[in-house]
Amino acid sequence: MCYTLLLHCMQALPEDSYTSEDHDVFTIAGRTCIEEGNGAQVLSIILDEKNQDIVRCMGWNLLPPLIKVLLKREEGKLSQCLAIFNHLLKTCRPKELLIGLLEQLEQDDPDTIAESLHLLLNPLQKVLLCLGSRKASSLGMTLSSVLDQVVKLPIPYTKEQEEDDVFSLCRCCTDLIDFVKPFVHEARQNLLNSETQDENTNKNAGEQGRDKEDELRTELLKFCMKTLSHPLLEVQLKDPDTLAESPLRNFATEILNTLSAIGEPVPSLVFQPLLKRKQVPGFLEEEVRYPKESLASLAHLVFVSHLAADTFPSVFSPVFGLRCNMEHICLLLSRTEEFRIQKGLELYEKSLVRVEDGSLPADLLEIRSFLTVPQNLVKVMTMCQRHDLRTRGLKVLQLSIDKFETEAKYHLFQYMLKTSKHSGVEGYVIKNIKNQIDAALRPGNGNTWFEGAELLPLLRKVLVLPDGPETDLLQYLDRIMESLNLLRYLIIRDKVTENQTGIWTELYKIEDTFLKPLRVGVNMSRAHYERELQNTLESKKKGKAKEESVLSVSVGDETLPNMTSESQIQGLHSALHTFDMIESVLVRIEELTEVKENL
């Protein structure tokens, strides 16, 4: 019955007289025939020369059932449906074919997505090439739809997952590169032709032609920028020693090659934050045309994965490279996703290792990113869930400190003491200050920043209790212990008669602002915890359950369950031991001071 109905449709009026009802009848009849396995009959009708006008007009409506059969590879239907599909591609109008094919791209299951892309990318390429110079916007729409599908595919993280292509992302990326090749070649040829064109020859026509060329390049640039953001920012590329043939590494290389081919040299993109870019009429605004996250991903590919490294001029110094990358590093480290943080740390480390120790001048700290990145590193070290990233953050922080000259270190330490708001980080900074003072006091290494008058303002920021005697000594333990160790070192190392650090003229102030309040705080804290320990022991002895734990423990806004009495007693003993430790260092400082002053 469906065959008879379809045959009747084919014997209707001229092409431009078909109504919507005619379209509906043709579509229903054709789809029913295909679904019922009558593909051979549909093929004979479709191929009939006298039916070509209606096929050209309405044939694209048969794409859904055809593609469904092709994706499922249904035996008995496959060969006829493939023949119908190929004939429609040759006969139907390109714009209608494009719409029909794009509608069939939309899938949800990862396996179906990969099969759909593999099946449809080549037909889409053929259709787009039929559009001639009018293809740019259609190409942009197609690439956007394709990438929306690629985003749904899981990322292979291990070598084995990439080798086996368990999620089909590698196959899709390879297909995607094959898809864009003719358009990249055309854009490249257009670019070369425009460079050699005589400006005085047919100026108006030349401008119109260049508008079309720029549209094609713009769409290809948007495609490259999107792929840099996903999947390439999320992918951890394997080096050739780990995986000799890496589809994802090849994909990244082709994207960089595409950028160069369409007139976007990789070096100028990486160094975009510092280099003035050529403004091209009709192109998108800078931040839209060159998304910051995409440029950060590009910088990681170049400096960490070493792609396109041979395209970089040797005149660019390591410091210049670091300055450019700081914007990218700042962006990556400001995010919460672990893969972005990891890439930010890797890019910062690679940018720093090429810089000579002690060479970065203090005026770099006037650039916002050079202060923002340490703040971001602090967040990584204190808040990131992954231990390896926290450890690496600390390693990279120290590496960055080592690269600054002494004046820059001095100002960086001041800034971090002011902004870190974390006792462990403050303690680490104070330890670095001690190391710099030790280096300055060695014969022949003197500098004006870590001794004498310049050092005193920094010491005043270190040798102070944040909240006076009421300071929570356990919360600020790391900072307090490093401060005491620094003070003890200064008293031992610096002679009263030389007073290179100025500590001996400052000691009376330190006594009032740091040592006395600390003694009072230790005594208050010890008395409180001894009382709590006594109450806990008595409660345990009497067998009474306490309603609340002595020590409140929370993570974020979530309060942890109350501790057992044994845990409370252990925690209280540990706190009292901490206070004894602080007091012993205080006593030692008093003894050293008395001995030195009496010499």
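The values are calculated or read from the model by the stated rules, or taken from the named source; none is laboratory data. Just so it is clear, the model here is predicted, and its values are computed rather than measured. Note: ideal-geometry Cβ built from the backbone for every residue, glycine included; neighbour counts use all protein chains shown. Accessible surface is based on the protein model in full, side chains and every heavy atom, while ligands, DNA and RNA are left aside. Shrake-Rupley method; radii C 1.70, N 1.55, O 1.52, S 1.80 Å.
Quick look at the numbers
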quantity	calculated
Where a label projected 7 Å from the Cα of N193 along Cα→Cβ would reach, residues of the range 123-146 with amide N under 13 Å	132-134
Computed FRET value (nearest 0.05) for E74 with T112, which takes r as the C-beta separation and R₀ as 22 Å	0.90
Solvent exposure ordering (accessible area, 1.4 Å, most first) of K90, K418	K90, K418
Most to least accessible of T27, T336 (protein chains only, probe 1.4 Å)	T336, T27
Degrees between helix 368-383 axis and first principal axis of the chain (Cα, 0 to 90, nearest 10)	80 degrees
Distance histogram for the chain (every C-alpha pair counted, 20 angstrom bins, percent rounded to whole numbers)	16, 32, 27, 17, 8, 1
Contour excess over end-to-end distance, with Cα ends at D512 and Q52 and 0.36 nm allotted per residue	155.7 nm
Where the range 41-152 is the region considered: accessible area per residue in Å², 1.4 Å probe	44 Å²
Sequence of K596, K509 when ordered by accessible area, the most exposed leading, probe 1.4 angstrom	K509, K596
FRET efficiency estimate (nearest 0.05) - Cβ-Cβ, N445 to R368, R0 45 angstrom	0.90
Where labels lie 7 Å past Cα in the beta-carbon direction, separation of N86 and D580 in nm	8.9 nm
Hydrodynamic radius of the range 330-473 per Kirkwood, over alpha carbon pairs, in Å	16.1 Å
Shape of the range 318-405, Cα gyration tensor, a/c cut at 1.5	prolate
On Cα atoms only, tilt of 338-353 relative to the major axis of the chain in degrees	70 degrees
Taking N as its residue count, the alpha carbon Rg of the range 444-529 over 2.2 N^0.38 Å	1.19
Label-point separation in nm, E35 to L131, each point 7 Å along Cα→Cβ	3.1 nm
Solvent-accessible surface (1.4 angstrom probe) belonging to M383, in square angstrom, nearest 10	130 Å²
Simple label model, 7 Å out from Cα along Cβ direction - K421 to K596, nm	3.5 nm
Accessible surface of the chain, 1.4 Å probe, proportion on carbon and sulfur as whole %	50 percent
Helix-only mean residue ellipticity at 222 nm for the chain, each DSSP H run of n ≥ 4 adding -39500 (n - 2.57), per residue, nearest 500	-22000 deg cm²/dmol
Residue-wise HN-Hα coupling along the range 386-394, computed from phi with Karplus coefficients 6.51, -1.76, 1.60 (Hz; x: Gly, Pro)	8, 5, 5, 6, 4, 5, 5, x, 5
Theoretical FRET efficiency, 1/(1+(r/R0)^6), r = Cβ-Cβ of D310 and H528, R0 56 Å, to 0.05	0.25
Rounded tilt (10° steps) of 477-493 against the dominant C-alpha axis of the chain	50 degrees
